[in-house]
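Everything below concerns the one structure shown next.
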Amino acid sequence: MLWYFAGALAALFIVHRGWQRLLLSRAKHPSLAGHARLGRFVAGLIPKIEYDDARFFGADGAPPEIVAGRRAGFERLAALYSERFRKSSDLTAEIRDAISDVQFTSRYRVPFQFSRKVREQLRAGVFLQSSSGTTVTDLDGNRFYDLTGSYGVNLFGYDFYKDCIAQGAERVRDLGPVLGSYHPVIAYNVQRLREISGLDEVSLHMSGTEAVMQAARLARYHTRRRYIVRFCGAYHGWWGDVQPGVGNPIAARDTFTLKDMDEASLRVLRSRRDIACVLVNPLQALHPNASAAADWGLVDRRRTSPCDRAAYSAWLKRLRAVCSERGIVLIFDEVFVGFRLARGGAQEYFGVRADMVAYGKTLGGGLPIGALCGKRDLMRRYREVRPADICFARGTFNSHPYVMGAMHEFLLRLDGEPIRALYRDLDEVWDRRARSLNERLRAAAIPVQVTHLSSIWTFNYLQSSRYNWMFQFYLRAAGLALSWIGTARVIFSLNYTDADFAEVADRVLAAAAAMQRDGWWWADTGLTSRSIRRRIVRELVQARWTTSSIGSTHSPRRRYSGAR
Ligand SMILES: Cc1ncc(COP(=O)(O)O)c(C=O)c1O
């Protein structure tokens with residue numbers, strides 16, 4: 001009888017686990033980004049290929065006259081770059097071997113097949129000399145409209161942050177760099193963060209990554225559960241557990257990556273008792289289930305559907321309800337979008353309240369910051385009745401007086417009329433600008449359109465092409481500065497006036513027209529996203545098993561065998 005009972009229990013357990021597994025599989029996005037482990041495995045199989053000259057210009061099988069036009073265009077750009085960006089690129093060449101970050105970013109600006117020639121001949125450099133208004137100036141004196149947004153930090157214009165830093169430093173000067181104790185400005189900073197977030201407590205960190213890490217750690221501590229849920233395509237910093245796919249050398253076994261805006265994901269949350277928290281990056285409203293397309297990955301026609309704020313709000317409300325029902329901690333990662341969408345952040349913009357909210361970037365008034373706000377019972381790092389059971393978190397530079405001073409200035413100005421005015425009609429302003437640029441691009445028959453979430457924009461390509469990534473080099477030549485992740489992500493600061501924007505739009509059109517004239521967007525009827533992808537896969541498979549078929553190739557084995 002006992003055996004029978006135990007057997008029945010075991011069978012029930014196995015069925016239950018099988019059911020959970022099935023629900024989890026259904027909640028995974030079909031892309032490789034939705035299958036972190038498989039994505040890492042596939043990435044490990046991809047061999048290095050470098051195109052020779054002929055393949056560089058004719059990777060899509062374009063006819064000779066198009067190839068010749070591209071070659072001439074490339075040579076013209078190379079000559080312009082070498083003359084115009086000489087000082088910046090010379091200094092970059094000098095330090096490149098000593099700074100790993102520069103090596104990484106310059107290598108991954110374009111698809112690796114094209115990378116060497118571009119690195120050698122379109123050398124722009126990584127240095128800037130100054131910033132002012134909406135522009136930055138390089139070592140050669142070239143002024144660019146800044147579309148990098150300094151990774152999103154620059155929300156109100158660089159002069160605003162220069163003031164925050166200078167006046168913040170003045171405010172805390174007497175205390176200087178004393179750590180461990182607090183400068184009194186913190187009292188106001190924390191009070192304002194509590195009001196903005198609508199949450200009880202605040203902890204201060206040095207980066208967005210750390211704030212998110214602390215949120216997940218506290219959620220696990222208080223729920224005594226193991227798993228973190230994140231949504232496909234969402235970035236939450238570079239801590240291993242929130243980056244389970246490509247880029248992380250070890251598997252993140254305690255993270256589920258689920259489909260965004262999908263009922264199947266809610267079913268997973270409802271069916272399990274081991275999920276500690278759900279992380280939401282509200283930027284995903286712009287491209288659910290995908291990351292911002294980096295230039296090295298731009299091949300396909302990109303989806304051009306506009307961001308659907310109402311649909312994303314409705315999704316967040318359903319997510320909120322399920323999390324409340326199941327005791328799962330809902331964490332908003334507003335490190336990027338906080339303050340950018342509304343003065344009250346994404347919670348206000350989408351009308352949904354989280355249990356914890358991480359802020360960063362712009363909040364530091366131009367200095368490095370991460371801040372976590374949360375409900376009191378979730379933020380506590382000890383248990384009243386178990387004094388040795390703690391959730392440890394510290395950081396030498398947390399609450400650095402200079403950072404707190406700059407943050408103080410940021411928060412004071414946030415309440416001032418000039419900044420309040422920028423938030424009035426914010427979406428209407430950026431919607432109107434996006435619409436007008438799209439109309440002009442359409443009228444000029446250029447296969448590019450933009451979609452946007454307020455001041456965060458992305459270029460979409462209407463043409464399947466092996467060369468969409470070239471656009472960034474034409475844009476730079478036209479005096480527009482983009483960050484290393486390239487043309488698929490443009491971040492405006494809110495101090496762009498209509499006149500500034502009109503100038504940017506003119507330059508985008510001129511750059512796109514030049515690129516089109518040079519033949520990079522050539523297409524015939526056989527050139528589709530599918531045919532391009534098939535061709536790339538064929539080349540990769542070929543290169544993995546042979547060593548000489550496509551220009552020059554490098555097998556992974558050879559790379560790992562000590563060759564430098
Ligand atoms: C949504 C989001 N979370 C976290 C981070 C990490 O912040 P940090 O780079 O300050 O560590 C970023 C950075 O881009 C981000 O966009």
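Summary of values
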| read-out | value |
| --- | --- |
| Only listed residue being touching a strand residue (DSSP E or B) at 6+ places or on another chain (Cβ under 8 Å), within 14 Å of the ligand (Cβ to nearest atom) and on the phi > 0 side of the Ramachandran plot, chosen from Gly149, Gly247, Gly233 | Gly149 |
| Qualifying residue in the stretch 373-381 (condition: surrounded by 21 or more Cβ atoms within 10 Å (Cβ to Cβ), within 15 Å of the ligand (Cβ to nearest atom), farther than 18 Å from Phe231 by Cβ and hydrophobic (A, V, I, L, M, F, W, C)) | yes |
| Members of the stretch 242-275 found to be assigned to a helix (DSSP H, G or I), at pLDDT 95 or above and among the β-branched types (Val, Ile, Thr), listed by number | Val268 |
| Pairs, first touching a residue at least 60 places away in the same chain (Cβ under 8 Å) and aromatic (Phe, Trp, Tyr) in the stretch 325-339, second assigned to a loop (DSSP other than H, G, I, E, B) and more than 11 Å from the ligand (Cβ to nearest atom), C-beta under 8 Å, six or more apart | Phe339/Leu155 |
| Any hit, the stretch 294-307, residues being away from the ligand (no atom under 16 Å from the Cβ), of a type outside the set (Ser, Thr, Tyr), modelled with pLDDT of 95 or more and outside any helix (DSSP H, G or I) | no |
| Single match in Asp389, Asp425 (criterion: surrounded by fewer than 18 Cβ atoms within 10 Å (Cβ to Cβ) and within 30 Å of Ala505 (Cα to Cα)) | Asp425 |
| Verdict on Ser130 being surrounded by fewer than 18 Cβ atoms within 10 Å (Cβ to Cβ) and either of a type in the set (Lys, Arg) or modelled with pLDDT of 95 or more (or both) | yes |
| The stretch 524-546, residues that are loosely packed, with under 15 Cβ neighbours inside 10 Å and either part of a loop (DSSP other than H, G, I, E, B) or at pLDDT below 80 (or both) | Asp524, Thr525, Gly526, Thr528, Trp545, Thr546 |
| Lone qualifier among Leu367, Leu341, Leu411 - being surrounded by fewer than 24 Cβ atoms within 10 Å (Cβ to Cβ), within 13 Å of the ligand (Cβ to nearest atom) and at pLDDT 95 or above | Leu367 |
| Candidate set from the stretch 33-43 (those that are touching a residue at least 60 places away in the same chain (Cβ under 8 Å) and surrounded by fewer than 17 Cβ atoms within 10 Å (Cβ to Cβ)); member that is nearest to Leu527 (Cα to Cα) | Ala43 |
| So Leu139, is it under 25 Å from Val335 (Cβ atoms) and either in contact (Cβ under 8 Å) with a residue 24 or more places away in the chain or touching an Asp or Glu at 6+ places or on another chain (Cβ under 6 Å) (or both) | no |
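The values are calculated or read from the model by the stated rules, or taken from the named source; none is laboratory data. These numbers come from a predicted model, not from an experiment. Cβ coordinates were reconstructed from backbone atoms using ideal geometry, including for glycine residues, and neighbour counts include every protein chain displayed.
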